[in-house]
Amino acid sequence: MKGIILGDSHVGSLKAALNCYGTPAGFTAVQFYAAPSTSLGDLKIHHGKLVPENDRLANMLLYTSGGTREIVFDDADVIILHGLGLSISVLSRILERCTIALCGRNAKTYISLSCLKQAIADNLLNRISIKILSMVREVTNKPILLSQTPFPDESIRGANDKRWGFMENEDRSKLHDCFVRASSTMAANFDAIFVPQPHSTIVDGLYTAAYYSKGSEGIIVDKKHADSDFGHMNAHYGNLVLHDAVSMINDI
Amino acid sequence: MLIDDSPNNPYVEQPQKAFWRPSICNRQNDILMELWTPKWPINRRTPIATAGSCFAQHISKALIIRGFNWINGEIGPPGMTSCSLKKYNYGVFSFRTGNIYSVALLKQWLLWALEIANPPGEVWENGGKYYDPFRPEIEPDGFSSFEELIASRNQTLYAIKKTLESTRLFIFTLGLTESWINVEHGYVYPSCPGTHHGIYSPRLHKFKNFTFNEIRKDLLSVMGLLKTINQRIRILLTVSPVPLVATASQNHVLVATLHSKSVLRAIAGELANQRHDLDYFPSYELIASHPFKGEYYEDNMRTVTSEGVQWVMSHFFHALQDNNFKVEITDSQLIPSKLTKITQEDILCEEELLAQFENLSVKS
């Protein structure tokens, strides 16, 4: 089975997994196409392929794929979209003004879990993952897996990062459940499958165990992230994601 | 002995609007001039809250499109699409009560919001989902728990009080005199249990067609409760021109409709004449009265057309002398998906559901 993986900097953990553990059982080959942040948003459809709209993206695709500027899905058996803003951070904006706490929180507006799920789904519409997903689906009927951006490293709790404050103020298991449900619904809308974060990597409902963050690296080879980077994960994490992906593909 | 050849009676001094022929038959303008003169100044800065029957939704939408200061007391989550906001009943009225068809129901909401009375513990459960008897359609999928339902309702009660505290003009659209009440405790449901959710039981639920005196008394109570929240608040009443979908009065639905609307119209008019802080706007007359020959209803003779809504609101804004239509809406949540005319598809109406039962009725 040949897999094509599209993603942002979080693809680094998957690439590192291949380097560290080898190609996972079930895959015969894996082809990466990655670019930092939202750069893949500069792809466009052209004659059944995804092609870059600018040289910067073209160079990133060339680099990460090992020699290809254009993304063709003809000989792929499965396409995996990893990261690309499919992140729990989508809750930050929502929970700045709203709460799911039954007893209320500092005059924030209470919303139901169903409403939160819908709000997550609506906010995800603006994320690049959905844009890429719709483009890929437009050019191919192959199976597509939508793999989420990892939850932040649990060490972030000591960093007093206000962007993640909502994770301490709400019921994390409920937030997790709403996020997974919303993402699954979004994926299903495009006949894709959502791949949640591997369960064994999660601590305290919504954080990633620090073990999976140490020594993380991005999509630029041999460029490791600083210890203060609580968002990117390492090869051990990537390996678990790829194994979960294989399991899901086998279930199709 | 008085000798005077010139006409001498009060009608001589009446303005043109007092006479049928020049005002209605031979009117020169597209709209009815001087149909309504507001008792107080209302402009785009006036904080306005709306509630009431289905027709009231047209008013809130028109205010938003026109750039008036419509208060959204329960703003939905950031980033939610306008379609989702509507599905979850955000931005329909100033608070998420759903339609309030009767004065008794409005009074009930205010008593709860002011904590003068406590909402009853009645909750409807079906298939693991929980439905609020007083807002049965407020969440498209129901609530996941009893606690969630209560928390949501408490949020609305908080929003009612908070919104009315800063409201200068409360526009309430009177819809029905017919209601369903709880036999034991007397509280009012927005619709008959069993039509949306819940289970109807003649032992528990009773039909009530509120009388003129009862509604008048409740409306005066409502005024008192509103003043408790905000001394400066003013109320603008209007009567929905939308006929009943169905009646449980044992009368013909046409008779029941005219009865309801007449009672509501009479109360609104009488209190508007008596109180300086209450006014009446003639939506009902503009749509349902015979000079307009039903042309502002759809083929079902019940749904008000978009043109009808525009007709009503054009009189409203003309009376306010709001002629500079420049919309500057900064809150993205208040921007409808299209800044165009309001369509019936945009209106959420629980009463419409009653039409589903018409084929089950015994044919006479």
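Side notes on the structure shown:
- Neighbour cut-off at most 13 other Cβ (10 Å), DSSP loop, GluC sites (Glu not before Pro), the stretch B:168-230: B:E184
- Each 5 Å bin from zero up to the one holding the largest Cα-Cα distance in the stretch A:4-61 carries the following percent of pairs: 4, 17, 25, 22, 14, 13, 5, 0.
- Rounded to 0.05, the FRET efficiency of the B:K129 and A:A188 pair, given R0 = 30 Å and the Cβ-Cβ distance, is 0.90.
- Label-point separation, A:R163 to B:A117 (7 Å along Cα→Cβ), nm: 5.1
- The stretch A:2-251 - charge dipole about Cα centre, Lys and Arg +1 at Cβ, Asp and Glu -1, debye rounded to 20: 460
- Helical runs assigned H by DSSP (4 residues or longer) give chain A a calculated mean residue ellipticity at 222 nm of -11500 deg cm²/dmol, each run adding -39500 (n - 2.57) before division by the residue total.
- Compactness of the stretch A:2-251 as Cα Rg over 2.2 N^0.38 Å, two decimals: 0.99
- Multiplying the residue separation of B:R232 and B:R45 by 0.36 nm and subtracting their alpha-carbon distance yields 65.8 nm.
- Among A:G66, A:G218, A:G158, the residue with the largest mean-square fluctuation in a Gaussian network model of chain A, with springs joining Cα atoms closer than 10 Å, is A:G158.
- Residues whose amide H lies under 5 Å from that of B:N209, counting only those 5 or more places away or on a different chain, are B:S179; hydrogens are built 1.01 Å from N in the peptide plane.
- Note that the stretch A:42-58 has calculated 3J(HN,Hα) couplings of 8, 7, 9, 8, 8, 6, x, 10, 9, 10, x, 8, 9, 5, 4, 5, 4 Hz, one per residue in order, obtained from phi through the Karplus relation 6.51 cos²θ - 1.76 cosθ + 1.60 (θ = phi - 60°); glycine and proline are x.
- Rh by Kirkwood over Cα pairs, then Stokes-Einstein D for the stretch B:132-199 at 1.306 mPa s and 10 °C, µm²/s: 112
- If you look at the Cα atoms of the protein assembly as shown, you get an Rg and a Dmax of 30.3, 121 Å.
- From the Kirkwood radius over Cα pairs of the stretch A:22-144, Stokes-Einstein at 10 °C and 1.306 mPa s returns a whole-number translational diffusion coefficient of 95 µm²/s.
- Long-range HN-HN contacts of B:N89 with modeled amide H, under 5 Å: none
- Reduced Cα scattering model of chain B, Debye log10 I(q)/I(0), q = 0.06, 0.11, 0.13, 0.14 Å⁻¹: -0.23, -0.77, -1.08, -1.26
- The stretch B:29-131, dipole about Cα centre (Lys/Arg Cβ +1, Asp/Glu Cβ -1), debye to the nearest 20: 300
- Look at the alpha carbon pairs under 8 Å that are at least 6 residues apart: their mean separation over the length of the stretch A:1-139 gives a relative contact order of 26 percent.
- Principal axis dimensions, the stretch B:5-68 - Cα atoms, whole angstrom, descending: 55, 25, 21
- Size descriptors for the stretch A:54-110, from the alpha-carbon set: Rg then Dmax equal 20.4, 56 Å.
- Selected from B:L244, A:Q118, A:V139, residue furthest toward positive end of dipole (the protein assembly as shown; charges at beta carbon): B:L244
- Unpaired by the 4.7 Å Cβ criterion, cysteines found in chain B: B:C25, B:C83, B:C192
- Amide proton proximity set for B:D279, modelled H, under 5 Å, gap of 5+: B:I235, B:L236, B:L237
- The residues of the protein assembly as shown expose on average 46 square angstrom of accessible surface per residue, using a 1.4 Å probe on protein heavy atoms.
- FRET efficiency for the B:D30 to B:S289 pair, using the beta carbon distance and R₀ = 25 Å, is estimated at 0.90.
- Counted over all Cα-Cα pairs of the stretch B:69-124, pairs farther apart than 15 Å make up 60 percent.
- Between B:Y130, B:L149, B:A117, the Cα set farthest toward the positive side of the dipole of the stretch B:108-150 (charges on each charged residue's Cβ, about the Cα centre) is that of B:A117.
- Across all Cα pairs in the stretch A:140-188, the calculated P(r) in 10 Å bins from zero up to the longest distance comes to 19, 43, 26, 10, 2 percent per bin.
- Label point distance in nm, A:E70-A:N250, each placed 7 Å from Cα along Cα→Cβ: 3.6
- Highest-fluctuation residue, B:I138, B:I199, B:I42 considered, GNM on chain B with Cα pairs under 10 Å: B:I199
- Put simply, the C-alpha atoms of the stretch B:106-234 give a gyration tensor, and the ellipsoid matching it has half-axes of 26, 20, 12 Å, longest first.
- Each residue, A:K49 and B:T211, gets one label point 7 Å from its Cα in the Cβ direction; the gap between the two is 8.4 nm.
- Tilt relative to chain A, helix A:172-189 - C-alpha long axis, 0 to 90 degrees, to 10: 40
- Within chain B, helix-based [θ] at 222 nm, where runs of 4 or more DSSP H residues each add -39,500 (n - 2.57), nearest 500: -9500 deg cm²/dmol
- Computed FRET value (nearest 0.05) for B:T81 with B:N9, which takes r as the C-beta separation and R₀ as 56 Å: 0.35
- Ranking B:I199, B:G67, A:M60 by Cα position along the charge dipole of the protein assembly as shown, where only Lys, Arg, Asp and Glu carry charges on their C-beta atoms, puts B:G67 farthest toward the positive end.
- Solvent-accessible area of the stretch A:2-251 (1.4 angstrom probe, protein heavy atoms only): carbon and sulfur portion equals 48 percent.
- Think of each Lys and Arg Cβ as +1 and each Asp and Glu Cβ as -1; about the Cα centre, that makes the dipole of the protein assembly as shown roughly 940 debye.
- Under the Karplus curve 6.51 cos²θ - 1.76 cosθ + 1.60, θ = phi - 60°, whole-Hz ³J(HN,Hα) for the stretch B:83-90, x wherever Gly or Pro sits: 5, 5, 4, 5, 4, 9, 6, 8
- Among the GluC sites (Glu not before Pro) within the stretch B:40-130, those in coil by DSSP and having at most 10 neighbouring Cβ atoms inside 10 Å are B:E115.
- Among the GluC sites (Glu not before Pro) in the stretch B:228-302, those placed in a DSSP loop whose Cβ has at most 13 other Cβ atoms within 10 Å are B:E295, B:E298.
- Hydrodynamic radius of the stretch B:182-332 per Kirkwood, over alpha carbon pairs, in Å: 18.3
- Three-way shape call for the stretch B:169-252 based on the alpha-carbon gyration tensor, with the a/c threshold at 1.5: prolate
- Within a Gaussian network of chain A (alpha carbon springs, distance under 10 Å), most fluctuating of A:S114, A:S134, A:S65: A:S114
The values are calculated or read from the model by the stated rules, or taken from the named source; none is laboratory data. Quantities reported herein were computed from a predicted structural model and do not represent experimental measurements. Note: ideal-geometry Cβ built from the backbone for every residue, glycine included; neighbour counts use all protein chains shown. Protein only, heavy atoms only, side chains kept; ligands, DNA and RNA dropped before computing areas. Shrake-Rupley method; radii C 1.70, N 1.55, O 1.52, S 1.80 Å.
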